[in-house]
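Following: one structure in structure tokens, then a few remarks.
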Amino acid sequence: MPRDAREPLAGQAIFVTGAARGIGAAAARRLAADGAVVGLADVLDCNDTLASIREAGGTARAWTLDISDRDACMRVIGEAITDFGRLDALVCNAGVCPPGSVAGDWIQWHRVIDINLHGTQHCVAAAWEPMSAQGAGNIVIVTSMAWYQGGVIVGTEYSASKAALVGMTRHIARNGGPLGIRCNAVAPGFIDTDMTADFPRGELDLIPLRRRGTPEDVAGPIGFLCGPDSAYMTGCVLNVTGGIVLAA
Ligand SMILES: NC(=O)c1ccc[n+]([C@@H]2O[C@H](COP(=O)([O-])OP(=O)(O)OC[C@H]3O[C@@H](n4cnc5c(N)ncnc54)[C@H](O)[C@@H]3O)[C@@H](O)[C@H]2O)c1
């Protein structure tokens, strides 16, 4: 397929979870600007993201979806595939990060694992057969630097869920490759979103680039992983941390 530098994702249909705000909203806008038709899903309404994509001339449709509900993931992603006629990429971005501790709350442990890990798997499961039948597909999973760095403010369950997503990424890459399905992950550091609004701001000395990231800083690597320039990459984790990995 010839590469269009202005719209590298032209002709692609991409589904993004957690698209109401933050990294997911920025990724959805970026993917639409790069020419993809984008499915937006979130427990919150995605009206602002949808409006901004349409105002910029892009094409998108939104669904309300709780990714911890497996049946709902199957139904909604199935509807998106019917609507778009295919599914080229799935961006598993939705997640939660309540403050926590090592001997944290057991109910919270289950909630975080249910959303961050099980919810991601529900979405992958919904996309897997259609992508296999197409003989092509691309899955991008949003993990976190907490998977290798341990996480400080976040609960144990958050770091555990994000480490599990890296194992999942590698498993999907290994098994999806022969079917034409790629899978990679991005591991953001400190990104300015609602999720980190209440985090203490003492971390700047740890970041070689000396600033928190923006949602757009993560949207770029997600767009790259969805696009043709990463065609020979699978099973990778891209750190998007302003260099924290160097300082750890
Ligand atoms: N902000 C950071 O510093 C940072 C760092 C590392 C990783 N991440 C990861 O990036 C992803 C996006 O986070 P963000 O910073 O944009 O946070 P955010 O809170 O702004 O956005 C997360 C989105 O996920 C949605 N969501 C939560 N639970 C859901 C569910 N059950 N079903 C569907 N949607 C749900 C929320 O409604 C929200 O719109 C998350 O997976 C997060 O763990 C963020």
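Throughout, read-outs are computed from the coordinates displayed, never taken from laboratory work. These figures come from a predicted structure and were not determined experimentally. Note: ideal-geometry Cβ built from the backbone for every residue, glycine included; neighbour counts use all protein chains shown.
A few comments on the model shown:
- Span from the region 28-44 Cα centroid across to the region 65-108 one, whole angstrom: 15
- For the chain, diffusion coefficient by Stokes-Einstein and Kirkwood Rh (Cα), 37 °C, 0.692 mPa s, µm²/s: 183
- In this simple spin-label model, placing a label point 7 Å from the Cα along the Cα-to-Cβ direction at both residue 233 and residue 216 gives a separation of 2.0 nm.
- Sequence ranges 70-80, 13-23, ranked by mean other-Cβ count within 10 angstrom, highest first: 13-23, 70-80
- Whole-Hz couplings from phi, Karplus 6.51/-1.76/1.60, listed for region 220-235; x for Gly and Pro: x, x, 5, x, 4, 5, 7, x, x, 5, 10, 4, 9, 9, 8, x
- Spin-label pair residue 175-residue 43: with each label point 7 Å from Cα along the Cα-Cβ axis, the two points sit 2.7 nm from one another.
- Kirkwood hydrodynamic radius over Cα pairs of region 126-188, then Stokes diffusion coefficient at 10 °C and 1.306 mPa s, in µm²/s: 129
- Amide H to amide H, with H built 1.01 Å from N, residue 63 comes under 5 Å of 40, 41, 42, counting only residues 5 or more places away or on other chains.
- Rounded if a/c under 1.5, otherwise prolate or oblate - region 105-232, Cα gyration tensor axes: oblate
- Residue order, fewest to most beta carbons within 10 Å, for 153, 115: 153, 115
- Amide H partners (placed H, <5 Å) of residue 240, local residues excluded: 187, 189
- In the chain, the DSSP beta bridges split such that about 5 percent are antiparallel, to the nearest 5.
- Distances between placed amide hydrogens fall under 5 Å for residue 15 paired with 39, 89, 90, 91, all partners being 5 or more residues away or on another chain.
- P(r) tail for region 163-248: Cα pairs beyond 14 Å make up 67% of the total.
- Derived scalar couplings between HN and Hα for region 42-57 equal 6, 5, 8, 6, 9, 4, 5, 5, 4, 4, 5, 5, 5, 4, 7, x Hz in order, rounded to whole Hz, by the Karplus curve 6.51 cos²θ - 1.76 cosθ + 1.60 (θ = phi - 60°), x for Gly and Pro.
- Couplings 3J(HN,Hα) of region 177-193, computed from phi: x, x, 8, x, 9, 9, 8, 9, 10, 10, 10, x, x, 7, 10, 6, 9 Hz, in residue order, whole Hz [Karplus 6.51 cos²θ - 1.76 cosθ + 1.60, θ = phi - 60°; x for Gly and Pro].
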